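Participant: If you scroll down you'll find the structure; I have some questions about it.
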Amino acid sequence: MVEALESYSTRFWRRFRRDATPWARDNIVWGFVVLVGPPLAMYLRDRHAQIDWTLIRTTIALYIFALTVYILAYLCRTPKTLDIERDARETALLGDISDLNQMVKEREDTIRALSERPKRTAAVQHDYDTAKKALQLVGEKGRVAMRHIRSHGSLTFGTYSPVLPPGLNLNDTLWVYRHCASEGLLTCKSNLGNSEQTFAVAPKMEKVLDELLFENAASV
């Protein structure tokens, strides 16, 4: 909550009274007791006793001097106290501003993500989530292999190996394609007595894979 703006003089005298009043009040009360108590006790004991007015005046002068020094000390101390309070308020305010900026950024990111998220049917969304999970498991090399087969349409492995994705050997490539076939991203057909396997992108996964493999990669 932002405090109402006040003039420096208002804050100065309010802070001065807050700090100086307790000490001054306590010492004035105690000084009065010390000053009045002994003469009053003497008077009650002996009504004809002579009161040492010189000592009383000297005591009063000393208390006035001490009070003056105390007031001057707090007049010098109060500005520093106000500066410390101002610095603490500024630090707290900067922290609040930083938190608010972070909240605004998170909300903007959420709104942007929601607005940019393509509209999908429940079935397409299920295929999208399945493909995304499978691609996360196979990692970046798996993505390279899937882009490769998406570009070629189909790949047949058997007596002769097709052109492999860049950076992958035969075993790694087959592991990626077999895993994706088990998740429904690819189709796998066996030929010549299971001596050949032909992998191709499942028709229902074409648009989903295009989005995950090419559109998202282009936006990074």
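The values are calculated or read from the model by the stated rules, or taken from the named source; none is laboratory data. Values in this document were obtained by computation on a predicted structure and should not be read as measured data. Cβ placement follows ideal geometry from the backbone for every residue including glycine, while neighbour counts extend to all protein chains displayed.
Participant: If you take the residues of region 68-111 that are among the basic types (K, R) and more than 20 Å from the chain's Cα centre (by Cα), which of them is surrounded by the most Cβ atoms within 10 Å (Cβ to Cβ)? If you could, list the steps in order and put the result at the bottom.
Facilitator: Within region 68-111, the subset among the basic types (K, R) is 77, 80, 86, 89, 105, 107.
Still in the running and more than 20 Å from the chain's Cα centre (by Cα): 77, 80, 86.
Working: R77: 14, K80: 9, R86: 11.
Per the criteria, the residue is R77.
Participant: Pairs, please: C-beta under 8 Å, at least 6 apart or cross-chain, first residue on the phi < 0 side of the Ramachandran plot and in region 50-77, second of a type in the set (V, I, T) and surrounded by 11 or more Cβ atoms within 10 Å (Cβ to Cβ)?
Facilitator: If the second residue must be of a type in the set (V, I, T) and surrounded by 11 or more Cβ atoms within 10 Å (Cβ to Cβ), the pairs left are T59/V34; Y63/I28; L67/I28.
Participant: Checking the conditions here, which among R147, R178 is assigned to a helix (DSSP H, G or I), within 39 Å of the chain's Cα centre (by Cα), in the same structural domain as A200 (by TED's automatic domain parsing) and closer than 26 Å to S190 by Cβ?
Facilitator: Numbers: R178 fails: within 39 Å of the chain's Cα centre (by Cα).
Answer to the check: R147.
Participant: How many residues does region 44-101 contain that are farther than 30 Å from P22 by Cβ, assigned to a helix (DSSP H, G or I) and not charged (D, E, K, R)?
Facilitator: 9
Participant: Restricting attention to region 156-165, does a residue exist that is part of a helix (DSSP H, G or I), surrounded by 12 or more Cβ atoms within 10 Å (Cβ to Cβ) and out of contact with any helix residue (DSSP H, G or I) (no Cβ under 7 Å at 6 or more places or on another chain)?
Facilitator: Scanning region 156-165 turns up no residue that is part of a helix (DSSP H, G or I), surrounded by 12 or more Cβ atoms within 10 Å (Cβ to Cβ) and out of contact with any helix residue (DSSP H, G or I) (no Cβ under 7 Å at 6 or more places or on another chain).
Participant: Since V176 meets every condition but one in (1) among the hydrophobic types (A, V, I, L, M, F, W, C); (2) at pLDDT 90 or above; (3) under 30 Å from R112 (Cα atoms), which condition does it not meet?
Facilitator: (3)
Participant: Does region 84-120 hold any residues that are of a type outside the set (K, R), farther than 30 Å from R15 by Cβ and modelled with pLDDT of 80 or more, and which are they? Even if it seems obvious, please write down each step before you answer.
Facilitator: Filtering region 84-120 for residues of a type outside the set (K, R) gives 84-85, 87-88, 90-104, 106, 108-111, 113-116, 118.
Narrowing the set further to residues that are farther than 30 Å from R15 by Cβ leaves 101-104, 106, 108-111, 113-116, 118.
Listed by number, the residues that qualify are N101, Q102, M103, V104, E106, E108, D109, T110, I111.
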